[in-house]
1. Any idea which of (1) within 25 Å of the chain's Cα centre (by Cα); (2) over 15 Å from MET64 (Cα atoms) is the one LEU409 doesn't satisfy?
2. Kindly list the number of the only condition in (1) modelled with pLDDT of 95 or more; (2) crowded, with 20+ Cβ neighbours inside 10 Å; (3) more than 13 Å from the ligand (Cβ to nearest atom) that fails for LEU49.
3. For segment 180-265, please list each of the helices (runs of 4 or more DSSP H) lying entirely inside it that holds at least 2 residues being more than 19 Å from VAL441 (Cα to Cα) and more than 16 Å from the ligand (Cβ to nearest atom).
4. From (1) assigned to a helix (DSSP H, G or I); (2) touching a residue at least 12 places away in the same chain (Cβ under 8 Å); (3) of a type in the set (A, V, I, L, M, F, W, C), pick out the condition that doesn't hold for LEU421.
5. Within segment 172-190, does at least one residue satisfy the condition of being at pLDDT 95 or above and either under 30 Å from ALA350 (Cα atoms) or not aromatic (Phe, Trp, Tyr) (or both)?
6. Among helices (runs of 4 or more DSSP H) lying entirely in segment 299-415, which contain 3 or more residues that are surrounded by 23 or more Cβ atoms within 10 Å (Cβ to Cβ)?
Amino acid sequence: MNKNHTTQHGSWSSGWAFVLAATGSAVGLGNIWKFPYITGENGGGAFVLVYLVCIAVIGIPIMMAEVLLGRRGRATPINAMRTLIVEASASRFWKIIGWMGMIAGFLILSYYSVIAGWALSYVTKSALGEFSGASAEFVGATFDELVSSPLSLLFWHTLFMFMTMFVVARGVEHGLEKAVRFLMPALFILLIVMVGYSLNSGGFAQGASFLFSPDFSKLSWTGVLIAMGHAFFTLSLGMGAIMMYGAYLPPQASIAKTSFLIAGADTLVALLAGIAIFPIVFANNLQPGVGPGLIFNTLPIAFGAMPGGVFFGTLFFILLVFAAWSSAISLIEPMVTWLVENRDQSRFKASLIAGVLTWALGLGTVFSFNLIADVKMYDSTFFDLLDFLTSNIMLPLGGLLIAIFAGWLLPHIMSLDELNLDTRAYSLWRFLVRYVTPIAVLVVFVNVTKIYKIFGF
Ligand code: PFF
């Protein structure tokens, strides 16, 4: 095992700190904002089932692969891959894993920050009591008003990017570890409060059946791709973020155990969010397929109606912002560390450069909800297309390459040594990364016609 676990950027104080930080990266808008709305758009139960299968047979093995590559390479993904390529005597082509990941993180953060901005603005709206006793119509109109104002979106997006770059500039040891330790459990508890509310909302049976009774006639191949892409997105896989954190993992920590814990916590949060939201959708005769505004159109109704709703609502959106914050940091970390390691920038300057570029690209998403909402490419707005390209193409492709590299190219003695599993578990892992992940990703890609359109054949 690689005993030298201190990198130029510091090291986690323990394996537990790695779990917290990686959970901080995994649990974010993906669980609470994205999972419910894409489930709503893709018909419910069958989509959820495919997503859960993808987490189990693709997500967890790829997470183990990423952590092991990170711990072995001990640097920003691009440089970690350089070291691993030498160890595996592989072609330089494989550096593409690091490059594509860094670019994917940058692209994702550009829109992630805009959505996190919505959550920020809902902190103030809730605190001011705007939702007290509000009807579904009022709540819907409030959301429409927010997204149709480029200036408001711009303000909140800018604020969120500032917050992100502030933490990133201070470095791993100072900000990252501490923030997640209290906030993740708090978010979890609050979600349980929300589920408690939903149990009595009158829509619970319908919501639960929407989420958990699969009807495969409602699921298209594109839906399957979105479920698979989301398994990567929600676990922060396929772009080197987890590899980056793996670089800080102490040598004695178990990769399998930590990966199961992180994936388990992440999945639980997504399911709780779904169970909290869909009953509200049905109790208020709303449509599950309204798109990215789903949680902002539903949860405030519940906060408006429950006792202590101003307090719970404000707290919920604060925690959502924190969950998004700890994820945002991991989206930009590969780019920042790359600028530090390869371009000799100070951490502060590297954060500034990465932040400004991301902020600027984010303007595309800001305007795609208002000024350029009618400009469509391949039937999608700028935001939709960016999301599709990153979550459904770049991350699965990154995951596919990581699987092939870890399963086929890295000498098996190295993965065996890092994973430190018994023979049966190791063989299962190896089978999943060598065959199941690559074949699953390719089969899904081949069946989605939108991909052909985007790439012009
Ligand atoms: N996993 C995060 C979420 O679910 O919100 C998003 C994310 C973070 C994706 C980091 C990818 C990543 F590398």
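The values are calculated or read from the model by the stated rules, or taken from the named source; none is laboratory data. If you're wondering where the values come from, they're calculated on a predicted model, not measured in any experiment. With ideal geometry, Cβ positions are generated from the backbone for all residues, glycine too; neighbour counts draw on all protein chains shown.
1. Failed condition: (1).
2. (2)
3. Working: elements: 204-212, 221-234, 241-246.
Output list reads 204-212.
4. (1)
5. Of segment 172-190, the ones at pLDDT 95 or above are none.
No, segment 172-190 contains no residue that is at pLDDT 95 or above and either under 30 Å from ALA350 (Cα atoms) or not aromatic (Phe, Trp, Tyr) (or both).
6. On the way: elements: 309-342, 347-368, 382-387, 395-404.
Where helices (runs of 4 or more DSSP H) fall fully within segment 299-415 and carry at least 3 residues being surrounded by 23 or more Cβ atoms within 10 Å (Cβ to Cβ), they are 309-342, 347-368, 395-404.
Conditions (1) free of Cβ contacts under 8 Å to residues at least 24 places away in the same chain; (2) in contact with a Cys (Cβ under 8 Å, 6 or more places away or on another chain); (3) among the aliphatic types (A, V, I, L, M), marked per residue:
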{"position": "ASN392", "(1), (2), (3)": "no, no, no"}
{"position": "GLY398", "(1), (2), (3)": "no, no, no"}
{"position": "ILE402", "(1), (2), (3)": "no, no, yes"}
{"position": "PHE431", "(1), (2), (3)": "yes, no, no"}
{"position": "ARG434", "(1), (2), (3)": "no, no, no"}
{"position": "THR437", "(1), (2), (3)": "no, no, no"}
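Residue by residue, here is whether (1) within 16 Å of the ligand (Cβ to nearest atom); (2) of a type in the set (A, V, I, L, M) holds:
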site: GLU87; (1), (2): no, no
site: LYS95; (1), (2): no, no
site: ALA119; (1), (2): yes, yes
site: ALA127; (1), (2): no, yes
site: VAL139; (1), (2): no, yes
